[in-house]
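Shown next, in structure tokens, is the structure this report addresses.
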Amino acid sequence: MSSPLLAVSELTKRYRRGGQTIAAVDGISFHIEPAETLALAGPSGSGKSTIARLLLRLIEPDAGHIEFEGGDFLSLNGAALRARRARLQMVFQDPLAAFNPRATVARVLGDPLRVHGIASRRERPRRIAALLERVGLSADLATRAIHEISGGQRQRIAIARAIATKPSLVVLDEAVSALDVSVRGQILQLLLDLQREERIAYLFISHDLGVISAIAHRIAILDAGRIAESGDARAVIDAPQSAIGKALVAATPKLTRTSMHDAS
Amino acid sequence: MNPLRRFLGTPEAVAGAIILIALFAMALTAPLIFPGDPQAIAGPALLPPFQDWLLPLGTDRLGRDVTAELFHGARTSLAVGLAAAAAALVIGAVVGTLAGFAGGLVDEVLMRVTDAFQTVPSFLLALAFVSIVGPSLGVVVAAIALGAWTGPARVARAEVLSIRERDFVASARVIGMHPLEIAFREVLPNALPPVLALSSVIVAAAILTEAALSFLGLGDPNRVTWGGMIAEGRAVLRTAPFLSIVPGIALVLTVLGVYLAGEGVVETTAVRRSLS
Ligand SMILES: Nc1ncnc2c1ncn2[C@@H]1O[C@H](COP(=O)(O)OP(=O)(O)O)[C@@H](O)[C@H]1O
Ligand SMILES: [Mg+2]
């Protein structure tokens, strides 16, 4: 039996709040296969971002295991962890907050190339131009400051930065929620193209079932730190079984049932 | 309105800037206008000001040219003030960034050290340091910086504590950047503005401390200093008060100029930041 790309088991994270302990993530298990998109849906405060931050080792879990590319991801530390990060990347919700306010586009894209020794200083401008082109932007953008470009361009830059190190898994935490509807469609199409061509798997976090139905193969619906139900994305969204699943579907206006997977 | 015009629209700031420009002009031209040793005998002793147009501010007890001493003293005051403030800001920014970014034990230890330095009055610290190591320009600079870095360290730490929670720092970790690079290349530059806002106060205090050390005879003996001139004049305070008054006025004007111009800069940039 081949092992999955990512296998999470019994992951738990508790926070103390006012003398009381709450489990933001409460014994969650799931897995992701190569080139697959798993959506994490759930209302605000259900623990979606906490899972993302646990996977990226931005915070440490209280219990559980994370196996990534066949190795124990939680046992890595220091230089070994930093090296492994090349394969597991993240795109944040607010593309403005996710970049150093003083940075230029070239620096934002050059940093991962430099940190992981992917391109020498001389090669870097060419690699940066190629990355920009890869996400549908002009290479001229490289010299611009991050705060000078539009929100949609910024999120494309964030995606370019995430794929710069050729990751096998990218975690996207509400990555399209802050964007205009028209821009959102383009970004989703870009993600689908990248997945098809580079076999990247996504953990796609969103509270929007409309967006999820357009991009995800499977879905897990979270409620208060636990998985309420999971399964094939279309099947779950068409006929949710859990109370929270039904509530989410009811809250989504005119849910388009046609997936972008069919269109492409 | 651009910041320069706003700066020029503030009378206090303009006054401060004019004083500073005059001071820098004195410091820079001192070796040209008054070449040679400013401590050499230049005329009769205790010549009052405005008697001889070649010695416009007169001479001191030993017949040294007070004008030349004043110009050369400006060099010492500015050099020590700027160097000590720069050293204090660098030390403070580095310590504050390390403490705030690393957290835990590192933060605890660094902040206890900062507390310790802050508890000792900075002038006593400088006094003790110079007495032990011996007076020279470098030692005086180090002694003053030693008592001045704690303010910048606290401000930098507070700023870093809020910046390190921001997404762009998480993003830097995600791409595998080394923590030291994150601290000094991503976080520190964004924490600098409020730290730099302290510079005028620190420069002004450093100039005063240097003068006080020199007054007590703990300045560099090979350089003319305003503090040293005031101390010199003290012996003949009744008969020749101008010997203490002239460098005293220079000192007060300098501190005032640094402070006013510094406040003007902070004010105009703060307005710009709140507008953007
Ligand atoms: N640093 C923290 N300290 C305390 N509680 C937290 C912290 N981070 C998240 N939480 C709590 O954990 C729960 C899950 O939060 P989060 O993962 O951000 O939810 P979501 O992304 O689904 O909206 C919430 O109740 C939130 O208040
Ligand atoms: Mg969230």
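Residues in region B:253-269 that are aliphatic (A, V, I, L, M) and closer than 19 Å to B:Asn2 by Cα: B:Ala261, B:Val265, B:Val266.
Report yes if some residue within region A:153-168 is in contact with a helix residue (DSSP H, G or I) (Cβ under 6 Å, 6 or more places away or on another chain) and within 16 Å of ligand 1 (Cβ to nearest atom); otherwise report no. For region A:153-168, residues in contact with a helix residue (DSSP H, G or I) (Cβ under 6 Å, 6 or more places away or on another chain) and within 16 Å of ligand 1 (Cβ to nearest atom): absent.
When A:Ile22, A:Ile51, A:Ile66 are screened for being away from every other protein chain (no Cβ under 14 Å), within 13 Å of ligand 1 (Cβ to nearest atom), under 17 Å from the mean Cα position of the chain (by Cα) and among the β-branched types (Val, Ile, Thr), only A:Ile51 passes. Have a look at A:Thr12, A:Thr37 and point out the one that is within 13 Å of the chain's Cα centre (by Cα) and away from ligand 2 (no atom under 16 Å from the Cβ). Checking each option against the conditions leaves just A:Thr37. In region B:45-65, of all residues being assigned to a strand (DSSP E or B) and not aliphatic (A, V, I, L, M), the one that is least open to solvent (accessible area, probe 1.4 Å) corresponds to B:Thr59.
When region A:175-209 is limited to residues that are open to solvent by 10 Å² or more (accessible area, probe 1.4 Å) and within 16 Å of ligand 1 (Cβ to nearest atom), the one that is farthest from the other protein chains (Cβ to nearest Cβ) turns out to be A:Asp208.
Within region A:95-117, does at least one residue satisfy the condition of being within 16 Å of ligand 1 (Cβ to nearest atom) and either of a type outside the set (A, V, I, L, M, F, W, C) or under 18 Å from the mean Cα position of the chain (by Cα) (or both)? Yes, region A:95-117 contains a residue that is within 16 Å of ligand 1 (Cβ to nearest atom) and either of a type outside the set (A, V, I, L, M, F, W, C) or under 18 Å from the mean Cα position of the chain (by Cα) (or both).
Test B:Gly176 against the stated conditions and say whether it is surrounded by 19 or more Cβ atoms within 10 Å (Cβ to Cβ), in contact (Cβ under 8 Å) with a residue 12 or more places away in the chain and more than 17 Å from A:Ala97 (Cα to Cα). It is false that B:Gly176 is surrounded by 19 or more Cβ atoms within 10 Å (Cβ to Cβ), in contact (Cβ under 8 Å) with a residue 12 or more places away in the chain and more than 17 Å from A:Ala97 (Cα to Cα).
Within region A:150-161, can one find any residue that is touching a residue at least 60 places away in the same chain (Cβ under 8 Å), under 21 Å from A:Ile32 (Cβ atoms) and open to solvent by 30 Å² or more (accessible area, probe 1.4 Å)? No; the residues of region A:150-161 include none that is touching a residue at least 60 places away in the same chain (Cβ under 8 Å), under 21 Å from A:Ile32 (Cβ atoms) and open to solvent by 30 Å² or more (accessible area, probe 1.4 Å).
Matching residues to (1) open to solvent by less than 60 Å² (accessible area, probe 1.4 Å); (2) within 22 Å of B:Ile245 (Cα to Cα):
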| residue | (1), (2) |
| --- | --- |
| B:Glu12 | no, no |
| B:Ile18 | no, yes |
| B:Thr67 | yes, yes |
| B:Leu82 | no, no |
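Restricting region A:86-110 to residues that are without any contact (Cβ under 8 Å) to a residue 40 or more places away in the chain and crowded, with 17+ Cβ neighbours inside 10 Å, the residue that is farthest from the other protein chains (Cβ to nearest Cβ) is A:Ala106.
Scanning region B:124-164 for residues that are aromatic (Phe, Trp, Tyr) and surrounded by 24 or more Cβ atoms within 10 Å (Cβ to Cβ) yields a single hit, B:Trp149. Here B:Asp167 fulfils each of the conditions (1) of a type in the set (Asp, Glu); (2) open to solvent by less than 40 Å² (accessible area, probe 1.4 Å); (3) within 14 Å of chain A (Cβ to nearest Cβ) apart from (2).
When we screen A:Ser49, A:Ser3 for residues that are more than 16 Å from ligand 2 (Cβ to nearest atom), surrounded by fewer than 23 Cβ atoms within 10 Å (Cβ to Cβ) and either on the phi > 0 side of the Ramachandran plot or not in a strand (DSSP E or B) (or both), the only hit is A:Ser3. With respect to (1) within 16 Å of ligand 2 (Cβ to nearest atom); (2) closer than 21 Å to A:Glu10 by Cβ; (3) among the acidic types (Asp, Glu), the lone exception for A:Asp72 is condition (1).
Screening A:Glu60 with (1) out of contact with any Ser or Thr (no Cβ under 7 Å at 6 or more places or on another chain); (2) within 16 Å of ligand 1 (Cβ to nearest atom); (3) more than 30 Å from A:Ser3 (Cα to Cα) gives one miss only, at (3).
Among A:Ser44, A:Ser75, A:Ser120, which is the only one that is small (Gly, Ala, Ser), within 13 Å of ligand 1 (Cβ to nearest atom), more than 20 Å from B:Val187 (Cα to Cα) and more than 14 Å from every other protein chain (Cβ to nearest Cβ)? Please lay out each step first, then the result.
Values: A:Ser75 fails: within 13 Å of ligand 1 (Cβ to nearest atom); A:Ser120 fails: within 13 Å of ligand 1 (Cβ to nearest atom).
Just a single option satisfies the conditions, and that option is A:Ser44.
Candidates A:Leu141, A:Leu132, A:Leu172, A:Leu137: the one that is buried (at least 16 other Cβ atoms within 10 Å of the Cβ) and more than 21 Å from the chain's Cα centre (by Cα) is A:Leu141.
The values are calculated or read from the model by the stated rules, or taken from the named source; none is laboratory data. Bear in mind the structure is a predicted one, so any value in this text is a computation, not a measurement. Cβ sites come from the backbone with ideal geometry, for glycine too, and all protein chains shown count toward neighbours. Quick note on the areas: whole protein, heavy atoms, side chains included, nothing else; ligands and nucleic acids left out. Shrake-Rupley method; radii C 1.70, N 1.55, O 1.52, S 1.80 Å.
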